[in-house]
1. Look through Val231, Val217, Val222, Val237 and report the one residue that is in contact (Cβ under 8 Å) with a residue 60 or more places away in the chain and touching a helix residue (DSSP H, G or I) at 6+ places or on another chain (Cβ under 9 Å).
2. Residues being in contact with a Pro (Cβ under 9 Å, 6 or more places away or on another chain) and over 20 Å from Ile487 (Cβ atoms): count how many of those fall in the range 551-568.
3. Residues being surrounded by fewer than 17 Cβ atoms within 10 Å (Cβ to Cβ) and assigned to a strand (DSSP E or B): count how many of those fall in the range 204-233.
4. If a residue counts only when it is surrounded by fewer than 15 Cβ atoms within 10 Å (Cβ to Cβ), which strands (runs of 3 or more DSSP E) contained entirely in the range 101-181 have at least 1 such residues?
5. So which of Tyr283, Tyr303, Tyr313 is aromatic (Phe, Trp, Tyr), farther than 21 Å from Val217 by Cα and out of contact with any helix residue (DSSP H, G or I) (no Cβ under 7 Å at 6 or more places or on another chain)?
6. With the requirement that a residue be among the acidic types (Asp, Glu) and surrounded by 15 or more Cβ atoms within 10 Å (Cβ to Cβ), what does the range 605-631 give you?
7. Could you figure out which of (1) closer than 23 Å to Gly582 by Cβ; (2) in contact (Cβ under 8 Å) with a residue 24 or more places away in the chain; (3) over 29 Å from the mean Cα position of the chain (by Cα) isn't true of Arg682?
8. With the condition kept exactly as written, say whether any residue in the range 270-283 is more than 23 Å from Arg393 (Cβ to Cβ), in a loop (DSSP other than H, G, I, E, B) and modelled with pLDDT under 95.
Amino acid sequence: MRKIIVMLILTAIFVTASIALADNEYVWPIKLTPDLSSRFCDHRNGHFHAGLDFRTRGKSGYRIYAVDDGYVYRVSTAHNGYGKALYLRLKNGNIVVYGHLSSLGEELNDYIRKKQMQDKKYCQNLFFKPDEFPVGKGQNVGLTGESGSGSPHLHFEIRSPNNLPRNPLKAGFSIEDSSPPAFEKLAVRLYDDKFSPGDPCKIEFPEIKGEGVEYLVPDTLVGTGEVALAVSGGDLVDGKKFIYGYYGLKMFVDDSLVFVMNSDSISYETTGQIDYIRDLEMYGIAGNRGNQDNDEGVFYRLYIPPGAKQYFYGGFKDYDGIINLSENPGKIRQVMIEASDEPGNRASLTLYVKTPEMSPPLPDFTSYYKFADTIEVDFLTDEKIAGVDVEYRNGMIDPFKEISASLKTKTWRRIGHIAYLNTVRIINPYKKDEYRFRCVSPDGRISPWIFFKDANEISGLKVYGSPGRLRIDYFPDSIYTDLTIQIQNEAVAFDLEMYQRGIGLFSTDIIEREIYGPTWISIKNGSRTVVDTVISLYPVYPEKIAEVYSPDYSLTIEFDEGSAFFPVYVLPSLGMNAEIMGMEAVVYEVRPLHLIADSPIRYEFDLLKSGISPDHLGAYGYIEKKGKWGFIEKAKGPKIVFPGLGLGRIALIKDDSPPSISGIRPRGKIRSRKPVLSCVVRDNISGVRLESGLEMKIDGIWIPAEYDIDTKKFRYKVNNNLKVGRHKLEIAAFDNQGNKTEKTTYFTILGR
């Protein structure tokens, strides 16, 4: 027995030593070997993660400790978010936060329970004076739990005196870690000219090779204008199977530092920019949707987009990190990306970029043919070429790969000079999503890439861009050589030639010419009309008020002066009938789908204009990272009005189904005089109303029962002995749409 006790003491000493702090300023908030499931600045839906999440072995009830002398500054209780949360203000002015607790200590628990019962309200936000609940360094101040969101764990934050979250692993706490960060994907935005976030660009995901501390993109990237990069992957920790967000990122171009990010501190005023600072569009294309790890598939921009207001950019400013290839035509430039973590482990990713040295094929003669399993491309060049590089990819997120092709060249006489007719023949035994080729001169110079797709697979019209450059793409379902486009609305009317931007793709760019409102687009091949449609598009600018309308004016979107980060066209669709979660719905698509706003956008649905009944109707937004719809607001009279911080898919969904209440306990006869009162409350459409939509009474007296949003359990542990005899348990639940369910049951406590 004595040996066992000695071993336990030695184990405790070892554990304590392994988590000791470098500067001994604070004690750890929990006496478990640190096992972090989330780190500071990790990605969350709509905000940064502001602290550390400690795993608690899947259990609740571990003691938590005051990291230094101070006092209880604030306590909050909620069914979601941090659940039961304790805020201590320390003697140095810093604030520490403990979230998802099961207990706040007997004295505080009693105080809060009385306040909840007095207000008949579970959710509380209480502040205290320094002399009300003082605490000493190392004092037990509560127990871990799973209140709020998530399984059992401890959420821990340290904030500056003025309430700015700081990275605990850079502010007095540290963990042992020898594993470097990792690189998974590189997203490349290639602009024809200058970078502007709202302008059209080509997107590629080149192959990354390597592991450990050195990674490489083997193929040199070729572009004609400016390049913007974003990287996904993250930090690894010894022995862990999941990935954390990057702590630090740097980018060098030809050994010059052009971008820095170090996640040391954030501001609550700008945390909503997370899906702007991270590239939400790249996540939408290539992210790992539905994965439980919030940081997997998230792309970190390696440049500072306009309007980004983050502390962690270290003095760099808007547009830093953008690579201008036109500054050094033909020169190969080295780009090195360095990722680091808090303990100082590093990894690097190297790539090379350059501009083409040859002119592209002549634009007035390019043709594409497909027969059986063979593709042939004919094109003219003004100089003789020695060969072509041909590549393909099966999907947008795949890197381009080499495919074999043959080249035939012959002289082609033109007025005034000789050109060369080239035929590239590609054997295509399998379906490919996209092809590209470039010319190679006898001395090794290369042309820009020419892209093409199988037009029969993707025929249709696409409109996107900004007031500076609006692009209209048309993939015809037949072979054409000459197309024209007519643009007309109440204010403008003009015709343009469409050019072949890629084989099988016709485009036109409308430069610095504003188009506003419903607009008729007609595309013609000679006298034959091949497209005849009306779209609605509205220019939106930073520091300007703008109004956007759906084609039938049933939806109005209002931007204030601070909403837009950059100039962009907004294109709302008509509402389309659909079925979502088994309910009737009307879906609107407002493009660009991944546009994030800096200040709220006002949405207003006029249900009279749309002809939709307001009864049991609500607005829902599509949460791409979760792959599901989330309730926003219900109809009030003939309108639905709500603020939003982005564009995307919005649905009007009818929900007349009330929540379900099941599994009520206890029932029948029991012996415990301090039973746990519980049930399961679910609502699969608009969701349970958390703030004021749950109610539990025992013998007519309201009690502060707690709702677990993950397990859907609604429960209360009786603290004082109930009387022997029969008791009445009443439960009521509202959903966000206002539908209500009530259940009543009885149980009897047996006496001795």
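The values are calculated or read from the model by the stated rules, or taken from the named source; none is laboratory data. Since this is a predicted model, take the numbers as computed values, not measurements. FYI the Cβ positions are ideal-geometry reconstructions off the backbone, even for glycines, and counts take in every protein chain you see.
1. So the residue among Val231, Val217, Val222, Val237 that is in contact (Cβ under 8 Å) with a residue 60 or more places away in the chain and touching a helix residue (DSSP H, G or I) at 6+ places or on another chain (Cβ under 9 Å) is Val222.
2. Summing the residues that are in contact with a Pro (Cβ under 9 Å, 6 or more places away or on another chain) and over 20 Å from Ile487 (Cβ atoms) in the range 551-568 gives 9.
3. So the count comes out to 5.
4. 124-127, 140-144
5. The unique qualifying residue is Tyr313.
6. At the first step, the residues of the range 605-631 found to be among the acidic types (Asp, Glu) are 606, 615, 624.
Hits for the range 605-631 are Asp606, Glu624.
7. (3)
8. Yes: the range 270-283 contains one or more residues that are more than 23 Å from Arg393 (Cβ to Cβ), in a loop (DSSP other than H, G, I, E, B) and modelled with pLDDT under 95.
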